[in-house]
Amino acid sequence: MPKKVIRTDKAAPSGADYSQGWEVQGPTRFIYTAGQCSVDKQGNIVGVGDIELQTRTTFENVRGILEAAGASMSDVVKMTVYVTDVADYMAKARHIRAEVFSPDFPSSTMIGVAALARPEFMVEVDAVAAVG
């Protein structure tokens, strides 16, 4: 099964030790994104202290990677959401999922964590999309 790394300027730049995503081709193409946080295309953190804005920006980064591979948010079949405060996310940002995904939501796991890669980050999302 051929595979290729996804590198795009439609999302925040990746760090030195991970890829923005991968495309795996076969009868169905699978696209795997790296964990995305609230970082703009210039590498600046967006929405410090604002879980809703961080969630929106994070989903936009996931969308940018998928679009670079010819996929969309409607192709996402699995998603993992890491949050530093589950109650805050559930109260202020969970509704964003209904704006981003169709009623056929992806399979999803939410994990409460003590910290993410940067102390300003409140949410991180990685996704798997299936196309074809």
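Among the criteria (1) surrounded by 15 or more Cβ atoms within 10 Å (Cβ to Cβ); (2) touching a Gly at 6+ places or on another chain (Cβ under 6 Å), the one Gln20 does not fulfil is (2). Taken over the range 29-69, the criterion of being more than 19 Å from Ser14 (Cβ to Cβ) and assigned to a loop (DSSP other than H, G, I, E, B) is satisfied by Gly47, Val48, Gly49, Asp50. Scanning the range 75-89 for residues that are among the polar types (S, T, N, Q) and either over 13 Å from the mean Cα position of the chain (by Cα) or crowded, with 18+ Cβ neighbours inside 10 Å (or both) yields a single hit, Thr84. If you take the residues of the range 94-103 that are out of contact with any Ser or Thr (no Cβ under 6 Å at 6 or more places or on another chain) and in contact (Cβ under 8 Å) with a residue 24 or more places away in the chain, which of them is nearest to Ile51 (Cα to Cα)? By that ranking, first place goes to Val100.
Remark: pairs (first residue in the range 109-121, over 9 Å from Thr84 (Cβ atoms) and without any contact (Cβ under 8 Å) to a residue 60 or more places away in the chain; second residue part of a strand (DSSP E or B) and not acidic (Asp, Glu); Cβ separation under 6 Å; 6+ apart in sequence or on different chains) = Thr109/Thr80; Met110/Val81; Ile111/Tyr82. Selection of the range 50-68 for residues being closer than 12 Å to Val128 by Cα and buried (at least 23 other Cβ atoms within 10 Å of the Cβ) yields Val62, Ile65, Leu66. Hey, among Asp75, Asp126, Asp40, which residue is in contact (Cβ under 8 Å) with a residue 60 or more places away in the chain, within 22 Å of Arg7 (Cα to Cα) and not β-branched (Val, Ile, Thr)? The match here is Asp126. The conditions of being more than 22 Å from Val131 (Cβ to Cβ), surrounded by 15 or more Cβ atoms within 10 Å (Cβ to Cβ) and more than 13 Å from the chain's Cα centre (by Cα) are met by Gly47.
Here is a yes/no grid of residues against (1) at pLDDT 95 or above; (2) on the phi < 0 side of the Ramachandran plot; (3) in contact with a His (Cβ under 8 Å, 6 or more places away or on another chain); (4) part of a loop (DSSP other than H, G, I, E, B):
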residue	(1), (2), (3), (4)
Asp88	yes, yes, no, no
Asp104	no, yes, no, yes
Ser108	no, yes, no, no
Leu116	yes, yes, no, yes
Glu124	yes, yes, no, no
Ala130	no, yes, no, no
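Within the range 72-79, can one find any residue that is of a type in the set (Lys, Arg) and out of contact with any Pro (no Cβ under 7 Å at 6 or more places or on another chain)? No: zero hits.
The values are calculated or read from the model by the stated rules, or taken from the named source; none is laboratory data. Since the structure is predicted, the reported quantities are computational estimates derived from the model, not experimental observations. Note that we place each Cβ from the backbone using ideal geometry, even for glycine, and neighbour counts take in every protein chain shown.
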